[in-house]
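Working notes for the structure below.
The values are calculated or read from the model by the stated rules, or taken from the named source; none is laboratory data. Computed from a predicted model, the values in this text were never measured in an experiment. Cβ sites come from the backbone with ideal geometry, for glycine too, and all protein chains shown count toward neighbours.
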Amino acid sequence: MITRLSGGRIFDPANGVNGDIRDLYVEDGRIIAAPASGTADQTYELRGRAVMAGGIDIHSHVAGGKVNLARLLMADDHRDVRALHGSLTRSGSGVATPSSFVTGYRYAGMGYTAAFEPAMVPSNARSTHLEMADLPIVDKGTYVMLGNDEFLLDLLAHGADQERINDYVAWMMRATAALGVKTVNPGGISAFKFNERKLDIDGAIPHHRVAPRRVIQALTRALSELGVPHPLHVHCNNLGIPGNIDTTLGTIAAAEGFPIHLTHVQFHSYGTEGDRHFSSAAARLAEAVNGNPHVTIDVGQIMFGQTVTASGDTMAQYRNRTFASPDKWIVMDIECDGGCGLVPFRYRDKNFVNALQWTIGLELFLLIKDPWRVFLTTDHPNGAPFTAYPTLIRLLMDRDFRNACLKEIHPAAQTVTTLGSIAREYTLDEIAIMTRAAPARILGLADRGHLGIGAAADIAVYAEDADRAKMFTAPEHLFKDGVEVARRGEVVAASLGRTHVVQPEYDRAIEKPLKTFFDDHMSLRFENFPLSEPELADTGIGLAVHPCKPRSRA
Amino acid sequence: MSEVPARGIACPFCGLACDDLSVGPIGVDTRGCGKAAAGFAAQSLSHEHRVGGERATLEQAIEVAAGILRGARLPLITGLSVDLAGAQGLVALADRCGAVIDRWQAAAQADTQGVVQRAGALTATFGEVANRADVVLIVGADPGRDYPRLYERLVTNKTPLYRERPPSVVHLGPSAAPPSGLPLVAQVPVEAPRLLDALRALSALLDGRRAGGGTAPDLPLAQIGDLAGRLNDARYGAIIWDAATFPAGEGDLCTAMVLRILRSLNRKTRCVGLPLGGNGNSQGVAQVMLWQAGWPSRLCFAGGAPEHDPWRFRSERLLASGEVDALLWVSTFAAVAPPVATVPTIAIVAPNTALRAAPAAEIRVGMAGLDHGGTILRADTVIAVPLAAARPSGLPSVASVAALLLPRLQAAA
C-alpha cells in the first residue's frame, strides 16, 4: 500500500530541504520515490503543516533499575497522575518517572519515534532490555556504562595495550546489546566505593592509581578504532560543583582529538565568580565547542518544578542528598561495575542557583553555533521530564517569551546572566536538526532522522502555530515505520519499536581473562553474563544492527 | 534458553539465584544446597489441566478461566511466585480485567518497599559485599536459614578483589539464631522484642548521642558501643538482614532504623545495606509492577488505571473480607496451593503442587528453571539471572497462559 503525504512543508535538513512544499510517498514502512503512476492508496492532505522526521531523544533515562528506584521514590507523582488504559493502550502513572507504556505513548504523542537510555550499568543490562520490551512505539537503545568497571580499571592500571581495551569494550557492547558507551564520572563511582568523595580529572582512582583522563583517552580511542558510530558519551567528573568548567574543558582535551560527546553540560558549566561563588561558564564551554568540531554536546536543560534526579554518579548524588526535596534519597553500589543514585529535586525559579542553572542551559543552546553538534535534552528526568520539550523549544524559538520568563526568575540571577542580550531565535530547520537529523547522525542511524528515499517512514506532522510550545506538544499525525501511531497526541495504533545496537568485532582472546574475572570474583558466572540474541528475541524485541566503520582522530 | 549448558545453570529456589549449578546424569549438582536439591528433586504430581475437578484440555480450562475473569466485578490475582515474563503477562491481565494484583504473604517485602518510598535506601549488590566488605553486621535471626549459600558466597568467599582477610562478622540478634557456620568476632545478644531498641541505641551512639540511659537496662550497651566503633572503623561495612525475621509489626521500623544507621556511617566511611528477599522472584515481580504501573505491589486496576494502597489492596485482607469475587492464583517456584476461598478460583500451578480442593479451573504450568527457560531477579534487584530448562517438560509457561487469556478478556475501554 502506498501512502501519500501531500502538500506539507518539509523540514529535512539531512537532505538540505528547508520548508519546501513537497509530497512524500510511503510504502512498506519506507519513504519511496514518487510512483510513476502518481497515485497512492491513501492520501493525507497536509497543506499548512510542518513535516519532519520523528524526534530522536539522544539522552533520556527511560528504563533500568535506577529508573525503577526513582519510580519507587516518586510515589506521590504516580498517585497524582494516572493514565487510563484504552482499547489499544495500557494504563500507567507518573510524570517525572512515567511507567514504561506511558513513556512510549507520551513520546509518540509528542512526535518522537526514538529514545535512548544513556546509563545502563553492565550488570543491569538483562533487566533493562526486558523492561524495554514494555516501552512501546518508540525505537530505543542503550549506552553501556564503562569507566568504573573494575575490569577496565585493572586493564588500565596494568598498562594494557589499546587493542586489548578495544576487545573488552567490544565484548561488553555485544554482551549488553548496547548502541554506545557512556562513562559517568570516570573513576569516580569506583572511587566512592573506596570512600573518596571527590575526584578530579587528573586525580588518582583509588587502588588502580590511574587518572580519569586516562579512562577518557582509552575509551574515546577504543570507540573510534572499533568504528562505533556514537562517540564516547561522557558525564564529566565533578557534576554540579561550582568551578567544574575546568574539568569539562579538561575532558575535551583528554579526548586528544578523538570524537567525544559531553552530556548534560548544563550541570558541568559552572564558574565560581560573584558574591555567591557560583556563576555561568556557558560562554567558555560554547567557545570550546565552537572551536572543536569533534565535540558534540547535549544540554540537560532544567525547567522549574518537581522532578527526580537519577544518575549512575553515586559520588555526586551522595553529595547532592542535602538538596533532596522531598527529603529522601537512594544510593546504591553496583557489582564492581557502577552504581546509581536517586535524589528528588524541586527546581525553583526564585532560588538563585536553580535560576542560574536555567539561564546556563539556555545560554549554551544559544551560544553554540552549530545545531548539528548540540542536542535538545533535559536529561530526563534530571533537569525536567521529557514532556517539557515543547516549552523548551518555545524558549529557543521565541525571544519575547524567553525574556518574559527571564523576568520571573531570581533577581540576582537576572542581573548576572547575559541571556537577555542574546537575540538568537532557533528556526524550524534548526529544531529539526537538533531533534532529528543530528541525533540520528551522531548515533549512526543511517535510515532515521531524515526523509530521503529509503529512509524509515518515521514522520511527524505538526500544525503550524506561532506558539511553538503548542505546535510541538502534539503533532496532528505521527507515523512510525509508515503506520500512523498517534493523532493529536492520542495513540491510534499499538506497536513495539526496535532496539538499535552495534556489534563491533573483537579478538576472542579477551574472553579468557574475563572468564577468570567473572568466575573468581563476580556473582554471576561468565557464561551467564552476556545477553544472547535468542534471549532478546524471546522478549519480542527486534534488533536493528548498525555497521561499525573505524575512524581516526580529528 | 532451551539448551541446557553442562555447567553454570541457575537456581530459582531462593533470592540468591546461584548460577554455578550443573546438570549431570544423576540430576542437578546443587553444590551442597539442600533447598536447591529439594527444589530440583520435587516430584511431579500432575500435568493435567482440570475444570471443576475433571480432566480438560488447556483450551477448555482457559475458556473457563476467562469466563470467570470476565464475569467478576473485582478479581484478585495473587500468589505470584513466577518468572519475569510471567509477571509481565499477569500485570497485563490485571490491567485488562480491572483486577487487584498483589503478591501473597509479602509483608516483609512491603515493609521494605514502604521504607524506601518514604525515606530511601543505601544498598549494594552481592558483588560489592563479596569483594569489599571488611566488616559484616548480621541483624536479626539468621538470614542464612532462608538463603542457604549466603555466607559461602558473600562472606567466606575465597577470592575477593579488595579484601585482604575474611571480614569481621558481628551478629546483632537472638543468641539462639546466630548465623550458622560463620565465625563471629562478636555476638550482641538481643531477643526479638528488643531488636528495635537495640538498633535505636546503635543509631544514637553513631550520632554521638547517649543511648538508652536508664530506660534500657537490659540492652547490652557496652557491646553495642563496641559494634558502633567497629562499624565506624570499617573501610566498607555491610549490614545484612532478612526483614522476614524482624519482629512482627516492627519490620518497617527496624528497616528504617537500619537505614538511619547507614546514613550516619556514610558521613565518614562507607557502609551499605543488603536486605535479603527475592524468594520466588518476588523482586522481579515488584520490578515488573514498578515499570508497568509505577508501584511495586498492592495494585488495583479497577478504575482503569493503577492505584496503590498498602492496606486496601493487600491480597490476604481482600480475600478474607469478601471484597473480591474471583481468585486467580499463580504459583510456580513455591508449590503452594491457593487458599481455600468461597469465590470462584483459577489455579495456575506447577506440577508439584498438591491442591486441597478442586478449583473451578486448574491449569498446570511449568516452572522456569526446571520445565522451561526464563529469567528471575536476584535479591539485590539489579541482576536478572537467566534460567535454563534443567528438566524440560513441554508444559506451558505462565507467560504463555497469560497470553492465551488476554485476548479472551473484553477490553474494558
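Mind telling me which of the residues A:365, A:352, A:345 ends up being touching a His at 6+ places or on another chain (Cβ under 7 Å) and either within 14 Å of chain B (Cβ to nearest Cβ) or touching a residue at least 24 places away in the same chain (Cβ under 8 Å) (or both)?
A:352
Which one of these does residue A:325 not meet: (1) within 14 Å of another protein chain (Cβ to nearest Cβ); (2) in contact (Cβ under 8 Å) with a residue 60 or more places away in the chain; (3) in contact with a Lys or Arg (Cβ under 9 Å, 6 or more places away or on another chain)?
For residue A:325, the exception is condition (2).
So in region A:130-142, with the set limited to residues that are in contact with a helix residue (DSSP H, G or I) (Cβ under 7 Å, 6 or more places away or on another chain) and facing chain B (nearest Cβ under 9 Å), which one is nearest to residue A:533 (Cα to Cα)?
A:130
As an exercise: evaluate residue B:253 against (1) under 30 Å from residue B:153 (Cβ atoms); (2) in contact with a Gly (Cβ under 6 Å, 6 or more places away or on another chain) and give the number of the one condition it does not meet.
(2)
Looking at region B:62-78, which of the residues that are of a type outside the set (A, V, I, L, M) and assigned to a helix (DSSP H, G or I) is farthest from residue B:406 (Cα to Cα)?
Start the filter on region B:62-78 by keeping residues that are of a type outside the set (A, V, I, L, M), which leaves B:63, B:67, B:70-71, B:73, B:75, B:78.
Of the ones still in play, those that are also assigned to a helix (DSSP H, G or I) are B:63, B:67, B:70-71.
Details: B:63: 11, B:67: 12, B:70: 11, B:71: 14 Å.
Among those residues, the one meeting the criterion is B:71.
Which residues, taken from region A:410-428, are part of a loop (DSSP other than H, G, I, E, B) and of a type in the set (A, V, I, L, M)?
Result: A:422, A:423.
Could you list, in sequence order, all residues of region B:294-312 that are of a type in the set (Phe, Trp, Tyr) and surrounded by fewer than 23 Cβ atoms within 10 Å (Cβ to Cβ)? If you could, list the steps in order and put the result at the bottom.
Residues of region B:294-312 of a type in the set (Phe, Trp, Tyr): B:295, B:301, B:311.
Scanning region B:294-312 gives a single hit, B:311.
Report whether or not residue A:67 is crowded, with 24+ Cβ neighbours inside 10 Å, out of contact with any Gly (no Cβ under 6 Å at 6 or more places or on another chain), more than 7 Å from chain B (Cβ to nearest Cβ) and in a loop (DSSP other than H, G, I, E, B).
It is false that residue A:67 is crowded, with 24+ Cβ neighbours inside 10 Å, out of contact with any Gly (no Cβ under 6 Å at 6 or more places or on another chain), more than 7 Å from chain B (Cβ to nearest Cβ) and in a loop (DSSP other than H, G, I, E, B).
Within region A:70-95, track down each residue that is in a helix (DSSP H, G or I) and either buried (at least 24 other Cβ atoms within 10 Å of the Cβ) or under 23 Å from the mean Cα position of the chain (by Cα) (or both).
Across region A:70-95, the qualifying residues are A:70, A:71, A:72, A:73, A:77, A:78.
Mind counting the residues in region B:40-61 that are at pLDDT 95 or above and not in a loop (DSSP other than H, G, I, E, B)?
Qualifying residue count for the region: 10.
Looking at (1) more than 30 Å from residue B:88 (Cβ to Cβ); (2) within 14 Å of chain A (Cβ to nearest Cβ); (3) assigned to a helix (DSSP H, G or I), can you tell me which one residue B:268 breaks?
Unmet condition: (3).
When residues of region A:86-96 are filtered for being within 7 Å of another protein chain (Cβ to nearest Cβ) and either out of contact with any strand residue (DSSP E or B) (no Cβ under 8 Å at 6 or more places or on another chain) or more than 17 Å from residue A:496 (Cβ to Cβ) (or both), how many remain?
5
Report yes if some residue within region A:331-344 is more than 30 Å from residue A:123 (Cα to Cα) and either modelled with pLDDT of 95 or more or surrounded by fewer than 20 Cβ atoms within 10 Å (Cβ to Cβ) (or both); otherwise report no.
Within region A:331-344 (the criterion being more than 30 Å from residue A:123 (Cα to Cα) and either modelled with pLDDT of 95 or more or surrounded by fewer than 20 Cβ atoms within 10 Å (Cβ to Cβ) (or both)), the answer is no, since none of the residues qualifies.
Taking the conditions exactly as written (at pLDDT 95 or above, crowded, with 22+ Cβ neighbours inside 10 Å, over 26 Å from residue B:56 (Cβ atoms) and touching a strand residue (DSSP E or B) at 6+ places or on another chain (Cβ under 7 Å)), does residue B:382 satisfy them or not? Outline the logic, then answer.
On the way: at pLDDT 95 or above: yes; crowded, with 22+ Cβ neighbours inside 10 Å: yes; over 26 Å from residue B:56 (Cβ atoms): yes; touching a strand residue (DSSP E or B) at 6+ places or on another chain (Cβ under 7 Å): yes.
Taking the combined requirement at face value, the residue satisfies it.
So how many residues does region A:504-554 have that are β-branched (Val, Ile, Thr), away from chain B (no Cβ under 11 Å) and surrounded by 18 or more Cβ atoms within 10 Å (Cβ to Cβ)?
Within region A:504-554, residues that are β-branched (Val, Ile, Thr), away from chain B (no Cβ under 11 Å) and surrounded by 18 or more Cβ atoms within 10 Å (Cβ to Cβ) number 2.
When the residues of region A:12-48 are filtered to those that are among the β-branched types (Val, Ile, Thr) and farther than 29 Å from residue A:372 by Cβ, which remaining residue is modelled with the highest pLDDT?
Checked region A:12-48; the qualifying residue modelled with the highest pLDDT is A:43.
Report, ordered by the first and then the second residue, all pairs with beta carbons closer than 8 Å, sequence separation of six or more or different chains, a first member in region B:307-323 that is within 14 Å of chain A (Cβ to nearest Cβ), and a second member that is in a loop (DSSP other than H, G, I, E, B) and not basic (Lys, Arg).
B:307/B:301; B:307/B:313; B:308/B:294; B:308/B:295; B:308/B:297; B:310/B:297; B:313/B:102
Return the total of residues in region A:433-455 being within 21 Å of the chain's Cα centre (by Cα) and not in a helix (DSSP H, G or I).
7
Name every residue in region B:11-32 that is assigned to a loop (DSSP other than H, G, I, E, B), in contact with a strand residue (DSSP E or B) (Cβ under 9 Å, 6 or more places away or on another chain) and over 17 Å from residue B:278 (Cα atoms), in order of residue number.
If the condition is that a residue be assigned to a loop (DSSP other than H, G, I, E, B), in contact with a strand residue (DSSP E or B) (Cβ under 9 Å, 6 or more places away or on another chain) and over 17 Å from residue B:278 (Cα atoms), then B:20, B:30, B:31 are the ones that fit.
Across region A:44-64, which residue is farthest from residue B:94 (Cα to Cα) among those that are touching a His at 6+ places or on another chain (Cβ under 8 Å), of a type outside the set (A, V, I, L, M, F, W, C) and more than 14 Å from chain B (Cβ to nearest Cβ)?
Across region A:44-64, the extreme among qualifying residues is A:44.
Each row is one residue, and each column tells you yes or no for (1) part of a loop (DSSP other than H, G, I, E, B); (2) under 17 Å from residue B:134 (Cα atoms).
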| position | (1), (2) |
| --- | --- |
| B:197 | no, no |
| B:219 | yes, no |
| B:238 | no, yes |
| B:248 | yes, no |
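Checking the conditions here, which among A:313, A:298 is within 30 Å of residue B:384 (Cα to Cα) and either crowded, with 24+ Cβ neighbours inside 10 Å or modelled with pLDDT of 95 or more (or both)?
Of A:313, A:298, the one residue that is within 30 Å of residue B:384 (Cα to Cα) and either crowded, with 24+ Cβ neighbours inside 10 Å or modelled with pLDDT of 95 or more (or both) is A:313.
Mind counting the residues in region A:15-43 that are on the phi > 0 side of the Ramachandran plot and free of Cβ contacts under 8 Å to residues at least 40 places away in the same chain?
Residues in region A:15-43 being on the phi > 0 side of the Ramachandran plot and free of Cβ contacts under 8 Å to residues at least 40 places away in the same chain: 2 in total.
Condition first: in contact with a Pro (Cβ under 7 Å, 6 or more places away or on another chain) and either within 12 Å of chain B (Cβ to nearest Cβ) or closer than 13 Å to residue A:312 by Cα (or both). Now tell me which residues in region A:101-123 satisfy that.
Of everything in region A:101-123, those that are in contact with a Pro (Cβ under 7 Å, 6 or more places away or on another chain) and either within 12 Å of chain B (Cβ to nearest Cβ) or closer than 13 Å to residue A:312 by Cα (or both) turn out to be A:101, A:104.
From B:365, B:336, grab the single residue that is under 18 Å from residue B:41 (Cβ atoms) and touching a residue at least 12 places away in the same chain (Cβ under 8 Å).
Values: B:365 fails: under 18 Å from residue B:41 (Cβ atoms).
The unique qualifying residue is B:336.
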